[in-house]
Amino acid sequence: MSVEGTTRQAFLARGFLAAVAAYGAGAAGPFAAQALSQGAGTNDSGIVQFALTLEVLEATYYREAVKQVKLAGEARSVAKDIRDNEIEHVSILTDLVRSLGGTPKTRQNASFGNAYKSEASFLALAQTFEDTGVSAYNGAGPLLQSPDVLEAAGQIVQTEARHAAVIRYLRGEDITPAPFDTALSMKEVLGMVKPYLKG
Amino acid sequence: MPPRAGSGPVPTALEQLSREPASRRRFMRELAGAGALASFAALLSSCGQQKVKQQSRANGAAVDREVINYALTLEFLEADFYKRVTKSGLFSGRQKKLFDQIYQNELAHVQALKSTAKEAGGAVAPPKTNFDTVFAGGARSVLHTAAKLENLGAAAYLGAAREVTNAQVLASALSIHSIEGRHAGVLNHVIGESFVPDGALATPMSRDEVLSEAEKFLV
(Lines give C-alpha, C1' and ligand atoms only; values in the text may rest on other atoms or scores of the structure.)
Protein backbone atom coordinates (compact mmCIF):
# COMPACT_ATOMS: atom_id res chain seq x y z
CA MET A 1 0.00 0.00 0.00
CA SER A 2 1.70 3.18 -1.12
CA VAL A 3 1.29 6.25 1.03
CA GLU A 4 1.13 9.06 -1.47
CA GLY A 5 2.41 12.03 0.43
CA THR A 6 1.44 13.86 3.58
CA THR A 7 -0.54 16.68 2.00
CA ARG A 8 -2.97 14.55 0.02
CA GLN A 9 -3.16 12.03 2.81
CA ALA A 10 -4.08 14.68 5.36
CA PHE A 11 -6.45 16.27 2.85
CA LEU A 12 -8.45 13.13 2.38
CA ALA A 13 -8.53 12.39 6.09
CA ARG A 14 -9.86 15.74 7.22
CA GLY A 15 -13.51 15.33 6.27
CA PHE A 16 -13.59 11.76 7.49
CA LEU A 17 -12.02 12.63 10.83
CA ALA A 18 -14.42 15.51 11.32
CA ALA A 19 -17.35 13.16 10.91
CA VAL A 20 -15.76 10.62 13.23
CA ALA A 21 -15.26 13.31 15.87
CA ALA A 22 -18.80 14.63 15.46
CA TYR A 23 -20.18 11.19 16.18
CA GLY A 24 -18.04 10.84 19.29
CA ALA A 25 -15.93 7.89 18.29
CA GLY A 26 -13.61 8.43 21.23
CA ALA A 27 -9.87 8.73 21.63
CA ALA A 28 -8.72 6.07 19.16
CA GLY A 29 -9.86 6.70 15.58
CA PRO A 30 -10.07 4.75 12.33
CA PHE A 31 -6.42 5.40 11.55
CA ALA A 32 -3.57 3.71 13.38
CA ALA A 33 -1.83 7.00 12.70
CA GLN A 34 1.44 6.13 14.29
CA ALA A 35 1.66 2.89 12.40
CA LEU A 36 0.84 4.55 9.08
CA SER A 37 3.31 7.40 9.41
CA GLN A 38 6.11 5.19 10.65
CA GLY A 39 5.43 2.57 8.01
CA ALA A 40 5.61 -0.03 10.79
CA GLY A 41 8.68 -1.58 9.14
CA THR A 42 7.22 -5.06 9.02
CA ASN A 43 6.62 -7.04 5.86
CA ASP A 44 3.44 -8.94 5.03
CA SER A 45 4.78 -12.16 6.51
CA GLY A 46 5.42 -10.42 9.85
CA ILE A 47 2.01 -8.78 9.86
CA VAL A 48 0.26 -12.08 9.10
CA GLN A 49 2.28 -13.77 11.87
CA PHE A 50 1.03 -11.08 14.25
CA ALA A 51 -2.55 -11.88 13.21
CA LEU A 52 -1.80 -15.60 13.62
CA THR A 53 -0.69 -14.99 17.21
CA LEU A 54 -4.07 -13.40 17.95
CA GLU A 55 -5.99 -16.17 16.25
CA VAL A 56 -4.15 -18.88 18.20
CA LEU A 57 -5.05 -17.04 21.42
CA GLU A 58 -8.70 -16.79 20.40
CA ALA A 59 -8.93 -20.38 19.21
CA THR A 60 -7.56 -21.58 22.54
CA TYR A 61 -9.92 -19.29 24.45
CA TYR A 62 -13.06 -20.60 22.77
CA ARG A 63 -11.97 -24.21 22.51
CA GLU A 64 -11.34 -24.39 26.24
CA ALA A 65 -14.36 -22.29 27.13
CA VAL A 66 -16.73 -24.68 25.35
CA LYS A 67 -15.24 -27.47 27.45
CA GLN A 68 -14.99 -25.67 30.78
CA VAL A 69 -17.62 -22.95 31.08
CA LYS A 70 -21.26 -23.51 32.05
CA LEU A 71 -22.81 -22.04 28.90
CA ALA A 72 -26.56 -21.86 28.23
CA GLY A 73 -28.30 -22.41 24.88
CA GLU A 74 -27.57 -19.34 22.78
CA ALA A 75 -24.19 -18.61 24.36
CA ARG A 76 -23.06 -22.19 23.87
CA SER A 77 -24.11 -22.30 20.25
CA VAL A 78 -22.48 -18.93 19.51
CA ALA A 79 -19.28 -19.95 21.32
CA LYS A 80 -19.06 -23.13 19.24
CA ASP A 81 -19.53 -21.27 15.98
CA ILE A 82 -16.88 -18.73 16.91
CA ARG A 83 -14.54 -21.50 18.06
CA ASP A 84 -14.86 -23.23 14.71
CA ASN A 85 -14.11 -20.00 12.82
CA GLU A 86 -11.03 -19.21 14.94
CA ILE A 87 -9.64 -22.71 14.51
CA GLU A 88 -10.02 -22.29 10.77
CA HIS A 89 -8.38 -18.85 10.92
CA VAL A 90 -5.36 -20.44 12.59
CA SER A 91 -5.12 -23.01 9.82
CA ILE A 92 -5.52 -20.42 7.07
CA LEU A 93 -3.00 -17.96 8.50
CA THR A 94 -0.50 -20.72 9.22
CA ASP A 95 -0.60 -21.64 5.52
CA LEU A 96 -0.42 -17.97 4.55
CA VAL A 97 2.66 -17.24 6.67
CA ARG A 98 4.35 -20.22 5.03
CA SER A 99 3.38 -19.14 1.55
CA LEU A 100 4.84 -15.70 2.31
CA GLY A 101 8.16 -17.27 3.20
CA GLY A 102 7.85 -17.16 6.98
CA THR A 103 7.89 -19.85 9.63
CA PRO A 104 4.53 -19.83 11.43
CA LYS A 105 4.70 -19.63 15.22
CA THR A 106 1.70 -21.26 16.85
CA ARG A 107 3.08 -22.37 20.21
CA GLN A 108 1.49 -20.44 23.03
CA ASN A 109 0.96 -20.80 26.73
CA ALA A 110 -2.21 -18.85 27.33
CA SER A 111 -4.14 -18.34 30.52
CA PHE A 112 -7.31 -16.37 31.05
CA GLY A 113 -7.56 -15.70 34.77
CA ASN A 114 -11.12 -16.02 36.07
CA ALA A 115 -12.78 -15.67 32.69
CA TYR A 116 -14.12 -19.21 32.75
CA LYS A 117 -15.83 -18.96 36.14
CA SER A 118 -19.17 -17.94 34.61
CA GLU A 119 -20.95 -17.35 31.31
CA ALA A 120 -20.91 -13.63 32.10
CA SER A 121 -17.17 -13.44 32.66
CA PHE A 122 -16.52 -15.61 29.59
CA LEU A 123 -18.63 -13.32 27.39
CA ALA A 124 -16.98 -10.20 28.79
CA LEU A 125 -13.48 -11.30 27.83
CA ALA A 126 -14.76 -12.68 24.52
CA GLN A 127 -16.02 -9.20 23.70
CA THR A 128 -12.61 -7.72 24.49
CA PHE A 129 -10.82 -10.25 22.29
CA GLU A 130 -13.19 -9.80 19.36
CA ASP A 131 -13.21 -5.99 19.49
CA THR A 132 -9.42 -5.99 19.81
CA GLY A 133 -9.14 -8.38 16.87
CA VAL A 134 -11.20 -6.06 14.69
CA SER A 135 -9.03 -3.07 15.60
CA ALA A 136 -5.87 -5.09 15.07
CA TYR A 137 -6.82 -6.15 11.55
CA ASN A 138 -8.06 -2.65 10.69
CA GLY A 139 -4.77 -1.19 11.87
CA ALA A 140 -2.72 -3.73 9.96
CA GLY A 141 -4.69 -3.56 6.70
CA PRO A 142 -3.19 -0.36 5.28
CA LEU A 143 0.32 -1.65 6.05
CA LEU A 144 0.02 -4.69 3.80
CA GLN A 145 1.84 -4.72 0.47
CA SER A 146 -0.12 -7.45 -1.29
CA PRO A 147 -3.74 -6.84 -2.40
CA ASP A 148 -4.37 -10.59 -2.02
CA VAL A 149 -3.20 -10.59 1.59
CA LEU A 150 -5.26 -7.45 2.21
CA GLU A 151 -8.35 -9.17 0.86
CA ALA A 152 -7.67 -12.18 3.08
CA ALA A 153 -7.34 -9.90 6.10
CA GLY A 154 -10.61 -8.26 5.12
CA GLN A 155 -12.34 -11.62 4.86
CA ILE A 156 -11.19 -12.46 8.37
CA VAL A 157 -11.85 -9.08 10.01
CA GLN A 158 -15.44 -9.09 8.81
CA THR A 159 -15.94 -12.44 10.52
CA GLU A 160 -14.37 -11.12 13.72
CA ALA A 161 -16.67 -8.11 13.56
CA ARG A 162 -19.68 -10.43 13.26
CA HIS A 163 -18.41 -12.34 16.31
CA ALA A 164 -17.90 -9.14 18.26
CA ALA A 165 -21.37 -7.85 17.53
CA VAL A 166 -23.20 -11.05 18.43
CA ILE A 167 -21.27 -11.35 21.70
CA ARG A 168 -22.22 -7.76 22.49
CA TYR A 169 -25.82 -8.50 21.60
CA LEU A 170 -25.90 -11.51 23.94
CA ARG A 171 -24.57 -9.25 26.71
CA GLY A 172 -27.18 -6.57 26.04
CA GLU A 173 -24.44 -4.14 24.96
CA ASP A 174 -24.44 -1.77 21.99
CA ILE A 175 -23.42 -3.87 19.00
CA THR A 176 -21.11 -1.12 17.76
CA PRO A 177 -18.98 0.83 20.23
CA ALA A 178 -19.05 3.76 17.77
CA PRO A 179 -20.13 4.31 14.11
CA PHE A 180 -16.53 3.68 13.01
CA ASP A 181 -14.33 0.88 14.26
CA THR A 182 -10.98 1.96 15.65
CA ALA A 183 -7.58 0.87 14.39
CA LEU A 184 -4.79 -0.15 16.73
CA SER A 185 -1.10 -0.55 16.04
CA MET A 186 0.57 -3.94 16.44
CA LYS A 187 2.39 -2.60 19.48
CA GLU A 188 -0.87 -1.54 21.15
CA VAL A 189 -2.56 -4.86 20.42
CA LEU A 190 0.32 -6.95 21.69
CA GLY A 191 0.30 -4.82 24.85
CA MET A 192 -3.38 -5.62 25.35
CA VAL A 193 -3.04 -9.38 24.92
CA LYS A 194 0.25 -9.75 26.74
CA PRO A 195 -1.42 -10.46 30.14
CA TYR A 196 -2.91 -13.62 28.65
CA LEU A 197 0.27 -14.95 27.07
CA LYS A 198 2.74 -16.71 29.25
CA GLY A 199 5.05 -18.18 26.63
CA MET B 1 -5.51 -15.00 -10.31
CA PRO B 2 -8.54 -14.78 -12.59
CA PRO B 3 -9.78 -11.23 -13.08
CA ARG B 4 -12.98 -10.35 -11.32
CA ALA B 5 -15.53 -10.42 -14.16
CA GLY B 6 -18.47 -9.79 -11.88
CA SER B 7 -20.61 -12.50 -13.40
CA GLY B 8 -20.48 -14.81 -10.41
CA PRO B 9 -18.50 -15.51 -7.25
CA VAL B 10 -14.77 -15.82 -7.96
CA PRO B 11 -12.70 -17.53 -5.30
CA THR B 12 -10.39 -15.09 -3.59
CA ALA B 13 -6.66 -15.69 -3.77
CA LEU B 14 -6.75 -17.01 -0.24
CA GLU B 15 -9.55 -19.41 -0.97
CA GLN B 16 -7.73 -20.75 -3.98
CA LEU B 17 -4.74 -21.26 -1.75
CA SER B 18 -6.51 -22.72 1.24
CA ARG B 19 -9.49 -24.59 -0.05
CA GLU B 20 -8.44 -26.21 -3.27
CA PRO B 21 -5.98 -28.89 -2.22
CA ALA B 22 -4.67 -29.29 -5.78
CA SER B 23 -3.86 -25.62 -6.25
CA ARG B 24 -2.44 -25.38 -2.71
CA ARG B 25 -0.12 -28.34 -3.33
CA ARG B 26 0.95 -26.89 -6.66
CA PHE B 27 1.59 -23.49 -5.13
CA MET B 28 3.56 -24.92 -2.21
CA ARG B 29 5.62 -27.03 -4.65
CA GLU B 30 6.45 -23.91 -6.64
CA LEU B 31 7.45 -22.12 -3.46
CA ALA B 32 9.68 -24.96 -2.35
CA GLY B 33 11.25 -25.13 -5.80
CA ALA B 34 12.13 -21.55 -6.60
CA GLY B 35 12.46 -19.94 -3.18
CA ALA B 36 9.59 -18.33 -1.34
CA LEU B 37 9.78 -14.64 -2.18
CA ALA B 38 10.68 -15.14 -5.83
CA SER B 39 7.73 -17.49 -6.33
CA PHE B 40 5.20 -15.27 -4.68
CA ALA B 41 6.34 -12.34 -6.79
CA ALA B 42 6.16 -14.52 -9.88
CA LEU B 43 2.67 -15.62 -8.95
CA LEU B 44 1.56 -12.04 -8.46
CA SER B 45 3.05 -10.80 -11.72
CA SER B 46 1.66 -13.74 -13.66
CA CYS B 47 -1.77 -12.73 -12.45
CA GLY B 48 -1.18 -9.23 -13.69
CA GLN B 49 -1.18 -7.78 -10.19
CA GLN B 50 1.94 -5.72 -10.78
CA LYS B 51 0.44 -4.33 -13.96
CA VAL B 52 -2.70 -3.38 -12.07
CA LYS B 53 -0.62 -1.70 -9.37
CA GLN B 54 1.27 0.36 -11.97
CA GLN B 55 -1.95 1.46 -13.63
CA SER B 56 -3.61 2.37 -10.39
CA ARG B 57 -0.64 4.48 -9.30
CA ALA B 58 -1.24 6.60 -12.39
CA ASN B 59 -4.95 7.13 -11.80
CA GLY B 60 -5.13 6.32 -8.09
CA ALA B 61 -7.06 9.46 -7.23
CA ALA B 62 -9.75 8.65 -9.79
CA VAL B 63 -10.02 5.06 -8.58
CA ASP B 64 -10.31 6.17 -4.96
CA ARG B 65 -12.96 8.74 -5.78
CA GLU B 66 -14.96 6.03 -7.57
CA VAL B 67 -14.70 3.66 -4.62
CA ILE B 68 -15.68 6.39 -2.14
CA ASN B 69 -18.74 7.30 -4.21
CA TYR B 70 -19.67 3.64 -4.64
CA ALA B 71 -19.61 3.26 -0.86
CA LEU B 72 -21.51 6.53 -0.46
CA THR B 73 -24.26 5.30 -2.81
CA LEU B 74 -24.76 2.21 -0.68
CA GLU B 75 -24.76 4.23 2.53
CA PHE B 76 -27.38 6.62 1.08
CA LEU B 77 -29.50 3.57 0.30
CA GLU B 78 -29.12 2.15 3.79
CA ALA B 79 -29.78 5.50 5.46
CA ASP B 80 -32.99 5.94 3.47
CA PHE B 81 -34.08 2.45 4.45
CA TYR B 82 -33.44 2.91 8.17
CA LYS B 83 -35.01 6.35 8.18
CA ARG B 84 -38.19 4.66 7.00
CA VAL B 85 -37.75 1.84 9.52
CA THR B 86 -37.51 4.28 12.41
CA LYS B 87 -40.62 6.13 11.21
CA SER B 88 -42.60 2.93 10.58
CA GLY B 89 -43.60 2.16 14.15
CA LEU B 90 -43.12 -1.51 13.31
CA PHE B 91 -40.63 -2.20 16.09
CA SER B 92 -40.43 -1.73 19.83
CA GLY B 93 -38.08 -2.55 22.69
CA ARG B 94 -34.83 -4.25 21.80
CA GLN B 95 -35.38 -4.36 18.05
CA LYS B 96 -36.30 -0.67 17.95
CA LYS B 97 -33.13 0.18 19.89
CA LEU B 98 -31.09 -1.92 17.48
CA PHE B 99 -32.53 -0.20 14.41
CA ASP B 100 -32.14 3.26 15.94
CA GLN B 101 -28.46 2.56 16.53
CA ILE B 102 -27.89 1.13 13.06
CA TYR B 103 -29.60 4.18 11.56
CA GLN B 104 -27.34 6.54 13.51
CA ASN B 105 -24.31 4.60 12.31
CA GLU B 106 -25.37 4.79 8.66
CA LEU B 107 -26.01 8.53 8.96
CA ALA B 108 -22.49 8.96 10.30
CA HIS B 109 -21.14 6.92 7.39
CA VAL B 110 -23.01 9.09 4.89
CA GLN B 111 -21.56 12.23 6.49
CA ALA B 112 -18.01 10.95 6.52
CA LEU B 113 -18.07 9.57 2.99
CA LYS B 114 -19.74 12.69 1.61
CA SER B 115 -16.96 14.85 3.08
CA THR B 116 -14.28 12.50 1.80
CA ALA B 117 -15.87 12.34 -1.66
CA LYS B 118 -16.02 16.13 -1.87
CA GLU B 119 -12.36 16.38 -0.95
CA ALA B 120 -11.59 13.72 -3.54
CA GLY B 121 -13.27 15.76 -6.27
CA GLY B 122 -17.01 15.39 -5.89
CA ALA B 123 -19.76 13.45 -4.19
CA VAL B 124 -22.53 11.56 -6.02
CA ALA B 125 -26.10 12.69 -5.49
CA PRO B 126 -28.28 10.52 -3.26
CA PRO B 127 -30.07 7.89 -5.35
CA LYS B 128 -33.86 7.69 -5.38
CA THR B 129 -34.97 4.68 -3.41
CA ASN B 130 -38.18 2.72 -3.08
CA PHE B 131 -38.85 0.26 -0.31
CA ASP B 132 -42.65 0.12 -0.65
CA THR B 133 -42.74 -3.61 -1.34
CA VAL B 134 -40.49 -4.29 1.62
CA PHE B 135 -42.64 -2.35 4.05
CA ALA B 136 -45.86 -3.77 2.62
CA GLY B 137 -44.57 -7.09 3.90
CA GLY B 138 -44.48 -5.89 7.49
CA ALA B 139 -41.91 -6.32 10.26
CA ARG B 140 -40.63 -9.70 9.10
CA SER B 141 -40.01 -8.43 5.58
CA VAL B 142 -38.25 -5.35 6.95
CA LEU B 143 -36.00 -7.42 9.23
CA HIS B 144 -35.01 -9.72 6.41
CA THR B 145 -34.30 -6.82 4.09
CA ALA B 146 -32.19 -5.12 6.76
CA ALA B 147 -30.11 -8.28 7.09
CA LYS B 148 -29.82 -8.49 3.31
CA LEU B 149 -28.67 -4.87 2.98
CA GLU B 150 -26.07 -5.17 5.72
CA ASN B 151 -24.61 -8.38 4.36
CA LEU B 152 -24.54 -6.74 0.94
CA GLY B 153 -22.82 -3.62 2.28
CA ALA B 154 -20.21 -5.66 4.11
CA ALA B 155 -19.49 -7.73 1.00
CA ALA B 156 -19.27 -4.55 -1.07
CA TYR B 157 -16.65 -2.92 1.16
CA LEU B 158 -14.73 -6.18 1.26
CA GLY B 159 -14.76 -6.46 -2.52
CA ALA B 160 -13.66 -2.86 -3.01
CA ALA B 161 -10.86 -2.73 -0.43
CA ARG B 162 -8.15 -4.07 -2.73
CA GLU B 163 -8.84 -1.34 -5.34
CA VAL B 164 -8.10 1.56 -3.00
CA THR B 165 -4.72 3.21 -3.56
CA ASN B 166 -4.51 5.74 -0.72
CA ALA B 167 -3.72 4.39 2.76
CA GLN B 168 -5.98 6.86 4.58
CA VAL B 169 -8.93 6.11 2.29
CA LEU B 170 -8.36 2.42 2.91
CA ALA B 171 -8.23 2.95 6.67
CA SER B 172 -11.52 4.86 6.45
CA ALA B 173 -13.14 2.12 4.38
CA LEU B 174 -11.97 -0.56 6.81
CA SER B 175 -13.36 1.38 9.77
CA ILE B 176 -16.81 1.22 8.13
CA HIS B 177 -16.54 -2.29 6.63
CA SER B 178 -16.30 -3.94 10.03
CA ILE B 179 -19.28 -1.93 11.31
CA GLU B 180 -21.38 -3.25 8.44
CA GLY B 181 -20.16 -6.72 9.40
CA ARG B 182 -21.35 -6.14 12.96
CA HIS B 183 -24.77 -5.04 11.73
CA ALA B 184 -25.03 -8.03 9.40
CA GLY B 185 -24.00 -10.53 12.07
CA VAL B 186 -26.57 -9.38 14.59
CA LEU B 187 -29.42 -8.99 12.10
CA ASN B 188 -28.79 -12.51 10.82
CA HIS B 189 -28.83 -13.75 14.40
CA VAL B 190 -32.09 -11.90 15.13
CA ILE B 191 -33.85 -13.55 12.17
CA GLY B 192 -32.58 -16.97 13.21
CA GLU B 193 -29.86 -17.32 10.59
CA SER B 194 -26.13 -17.88 10.99
CA PHE B 195 -24.22 -14.76 12.04
CA VAL B 196 -21.37 -16.07 9.88
CA PRO B 197 -23.16 -17.31 6.73
CA ASP B 198 -19.89 -17.64 4.80
CA GLY B 199 -18.04 -19.35 7.64
CA ALA B 200 -14.52 -18.34 8.64
CA LEU B 201 -13.94 -16.15 5.57
CA ALA B 202 -16.50 -13.55 4.52
CA THR B 203 -17.16 -13.49 0.79
CA PRO B 204 -16.37 -10.33 -1.17
CA MET B 205 -18.73 -9.22 -3.91
CA SER B 206 -17.83 -7.36 -7.07
CA ARG B 207 -19.27 -3.96 -7.84
CA ASP B 208 -21.45 -5.45 -10.61
CA GLU B 209 -22.89 -8.07 -8.28
CA VAL B 210 -23.56 -5.54 -5.53
CA LEU B 211 -25.17 -2.95 -7.77
CA SER B 212 -27.41 -5.52 -9.39
CA GLU B 213 -28.73 -6.41 -5.91
CA ALA B 214 -28.98 -2.78 -4.84
CA GLU B 215 -30.87 -1.86 -8.02
CA LYS B 216 -33.91 -3.72 -6.66
CA PHE B 217 -34.38 -0.83 -4.24
CA LEU B 218 -33.54 1.99 -6.62
CA VAL B 219 -36.01 3.94 -8.74
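The values are calculated or read from the model by the stated rules, or taken from the named source; none is laboratory data. Remember, it's a predicted structure, so these values are computed and weren't measured experimentally. Cβ: placed from backbone, ideal geometry, glycine included. Neighbour counts: every protein chain shown. The area values use the complete protein model at the heavy-atom level, side chains included, leaving out ligands, DNA and RNA. Shrake-Rupley method; radii C 1.70, N 1.55, O 1.52, S 1.80 Å.
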*Would you be able to tell me the number of residues in segment B:115-129 that are in contact with a helix residue (DSSP H, G or I) (Cβ under 6 Å, 6 or more places away or on another chain) and among the charged types (D, E, K, R)?*
1
*Out of A:ALA136, A:ALA124, sole residue that is of a type in the set (A, V, I, L, M) and surrounded by fewer than 24 Cβ atoms within 10 Å (Cβ to Cβ)*: A:ALA124
*Could you count how many residues in segment A:163-178 are open to solvent by 10 Å² or more (accessible area, probe 1.4 Å) and facing chain B (nearest Cβ under 7 Å)?*
2
*Kindly check whether there is at least one residue in segment A:81-104 that is at pLDDT below 95, more than 7 Å from every other protein chain (Cβ to nearest Cβ), surrounded by fewer than 17 Cβ atoms within 10 Å (Cβ to Cβ) and not in a loop (DSSP other than H, G, I, E, B).*
no
*Scan segment A:179-197 and give yes if some residue there is surrounded by 24 or more Cβ atoms within 10 Å (Cβ to Cβ), of a type in the set (Phe, Trp, Tyr) and either facing chain B (nearest Cβ under 7 Å) or free of Cβ contacts under 8 Å to residues at least 40 places away in the same chain (or both), otherwise no.*
yes
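Restricting the search to segment A:93-127, which residues are of a type outside the set (A, V, I, L, M, F, W, C), within 27 Å of A:ASN43 (Cα to Cα) and out of contact with any Gly (no Cβ under 6 Å at 6 or more places or on another chain)?
Filtering segment A:93-127 for residues of a type outside the set (A, V, I, L, M, F, W, C) gives A:94-95, A:98-99, A:101-109, A:111, A:113-114, A:116-119, A:121, A:127.
Narrowing further to those that are within 27 Å of A:ASN43 (Cα to Cα): A:94-95, A:98-99, A:101-109.
Matches in segment A:93-127: A:THR94, A:ASP95, A:ARG98, A:SER99, A:GLY101, A:GLY102, A:THR103, A:PRO104, A:LYS105, A:THR106, A:ARG107, A:GLN108.
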*Give just the number: which of (1) open to solvent by less than 50 Å² (accessible area, probe 1.4 Å); (2) more than 14 Å from chain A (Cβ to nearest Cβ); (3) in contact with a Phe, Trp or Tyr (Cβ under 8 Å, 6 or more places away or on another chain) does B:LEU74 not satisfy?*
(3)
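So that you can scan it fast, the table gives a plain yes or no per residue for (1) within 22 Å of the chain's Cα centre (by Cα); (2) at pLDDT 95 or above; (3) crowded, with 16+ Cβ neighbours inside 10 Å:
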residue: B:GLN54; (1), (2), (3): no, no, no
residue: B:ILE68; (1), (2), (3): yes, yes, yes
residue: B:ALA79; (1), (2), (3): yes, yes, yes
residue: B:LEU90; (1), (2), (3): no, yes, yes
residue: B:LEU98; (1), (2), (3): yes, yes, yes
residue: B:GLU106; (1), (2), (3): yes, yes, yes
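Tell me the helices (runs of 4 or more DSSP H) entirely within segment B:111-212 that contain at least 1 residues that are crowded, with 24+ Cβ neighbours inside 10 Å and more than 7 Å from every other protein chain (Cβ to nearest Cβ). If you could, list the steps in order and put the result at the bottom.
Details: elements: B:132-136, B:138-160, B:167-190.
Passing ranges, in order: B:138-160, B:167-190.
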*Any chance segment B:21-36 includes a residue that's at pLDDT 75 or above and among the charged types (D, E, K, R)?*
no
*For segment A:99-115, which residues satisfy the criterion of being out of contact with any Leu (no Cβ under 8 Å at 6 or more places or on another chain) and charged (D, E, K, R)?*
A:ARG107
*asked:* Suppose the filter is at the interface with another protein chain (Cβ under 8 Å from one of its Cβ atoms) and touching a residue at least 12 places away in the same chain (Cβ under 8 Å); does A:VAL157 pass it?
replied: yes
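Could you tell me how many of the residues in segment A:64-80 are at pLDDT 95 or above, surrounded by fewer than 18 Cβ atoms within 10 Å (Cβ to Cβ) and in a helix (DSSP H, G or I)?
Step one: list which residues in segment A:64-80 are at pLDDT 95 or above, which gives A:64-71, A:74-80.
Filter once more, so that each one left must be surrounded by fewer than 18 Cβ atoms within 10 Å (Cβ to Cβ): A:64, A:66-68, A:70, A:74, A:76-77, A:80.
Of the ones still in play, those that are also in a helix (DSSP H, G or I) are A:64, A:66-68, A:74, A:76-77, A:80.
Going through segment A:64-80 one residue at a time, the tally reaches 8.
Suppose we filter segment A:127-142 for residues that are of a type in the set (A, V, I, L, M, F, W, C) and either within 20 Å of B:LEU98 (Cβ to Cβ) or at the interface with another protein chain (Cβ under 8 Å from one of its Cβ atoms) (or both); how many remain?
Going residue by residue through segment A:127-142, those that are of a type in the set (A, V, I, L, M, F, W, C) are A:129, A:134, A:136, A:140.
Restricting the remaining residues to those that are either within 20 Å of B:LEU98 (Cβ to Cβ) or at the interface with another protein chain (Cβ under 8 Å from one of its Cβ atoms) (or both) gives A:134.
Of the residues in segment A:127-142, 1 are of a type in the set (A, V, I, L, M, F, W, C) and either within 20 Å of B:LEU98 (Cβ to Cβ) or at the interface with another protein chain (Cβ under 8 Å from one of its Cβ atoms) (or both).
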